[in-house]
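Read through the structure below, which is laid out as structure tokens, and then see the notes.
FYI, it's all coordinate maths here, none of it is from the lab. These numbers come from a predicted model, not from an experiment. Neighbour counts run over all protein chains shown; Cβ positions are idealised from the backbone, glycine included.
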Amino acid sequence: MWAIVRRIKVREYERGLVFRENAFEGVLRPGVHWRWDPLLRLRIDILSIRDAWIDHAELDVIARSRALRAEARIVDLKDHERAIVRIDGRLEAVLKPGLYALWTVFYAVEVEIVDARGALFERADLATILVARGAPVLLEAVEVEAGQVGLLFRNGRHEATLAAGVYGLWKGVARAKVVTVERREQVLDVAGQEIMTADKVTLRLNAVLTFKVADPLVAVTSVEDYRQALYREAQLVLRAGIGARELDALLGEKDAVARELDEALRARVAAIGLEVVSLGIRDVILPGEMKELMNKVTEARKAAEASLITRREETAAMRSQANTAKILETNPTLMRLRELEVLEKVAGKARLSVVLGEGGLAERVVKLL
């Protein structure tokens, strides 16, 4: 009797899957069941429905039979589809293409099927989805920072320009990538440029360049590296502008030269989507022997200027004295007063002895008085 009839007990939280000679026959609900099995070809697989996921090697056969449609949710995803699964209102997993089944006896199962052919995945709850089971394999997270834009390329073509935020890209659907571009002002140092001036003086020049990206798409697609292209254009503009001037003109008109170079560079880089905010010459470094020569020239110039000033002052003093002499010559009384001022100054600084005699000094003193 035992060899012919089998007794199967299925508990309340279980279901029995019946296979005869590996062919699926049906599902056993809770209770005691008897099955005729004289040749021992019957197989009963007992599954717990406390685990929402149905994990079975022959799930495809079971799903096609539709025997579980009253107690399970069957999910069959095509190559371009993905699914977001929530159990009892909680995010459970992100599913790739394939066949899945979930028990709905004890759980509220929600399955949201998403078409992944668009590559870009935008959701308000994206941050939560990205950390769900299965998501890291299927979704690539892309973050566009504040002050940046993201350029979405799909199969080599530009599809969208993304504002600041977090985005997801479906993997395995298309060759998609997001290129982030900085829109804020950036600083580029153009340092150590050795340039020969028009009068054959080799100098080293350091410049600082402030720029921003005016057209992100043009900047990314027109050149391989827009920063490197800008650096190259700045080098060419500096060499052309400095090489056409003599050293004295460069040193004397550095600000004017910088403005001219700025205008020239703006015109050159506008075609690659960049905007020059400012270009300034920070340092002009001369060779050692040229520094000594410039110092000598400066020293000689200053000495000449000092000598000229001294001569001008001497000439002015002599002219003043000549004018004074003419005035005194035409006015004897003023001359006498001038002599008394001199005697007063002498008496204030030293002991003065006045010798009176006939005529001479006494007479002059008396007459002056």
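Annotation: aspartates and glutamates with alpha-carbon distance below 17 angstrom to Lys326 (same-chain offsets under eight excluded): Glu339. Return the FRET efficiency for the residue pair Arg175, Ala249: r is the Cβ-Cβ distance, R0 is 41 Å, and the value is rounded to the nearest 0.05. After rounding, the FRET efficiency stands at 0.15. Length gained on full extension, Ala108 to Gln228, computed as 0.36 nm times the residue gap minus the Cα-Cα distance: 37.5 nm.
For Thr210, Thr104, the sequence from fewest to most other C-beta atoms within 10 Å is Thr210, Thr104. For the range 1-50, rounded, prolate or oblate, judged on the Cα gyration tensor with a ≥ b ≥ c (square roots of eigenvalues), a/c < 1.5 rounded, else prolate if a/b > b/c? Oblate, since a/c reaches 1.5 and b/c is not below a/b. Checking the Cα-Cα distances for Lys9/Lys96; Lys9/Lys78; Lys212/Lys254 against a 32 Å cut-off, the pairs over it are Lys9/Lys96; Lys9/Lys78.
Round to a whole angstrom and tell me the spacing of the C-alpha centers of the range 1-71 and the range 156-206. About 64 Å separates the Cα centre of the range 1-71 from the one of the range 156-206.
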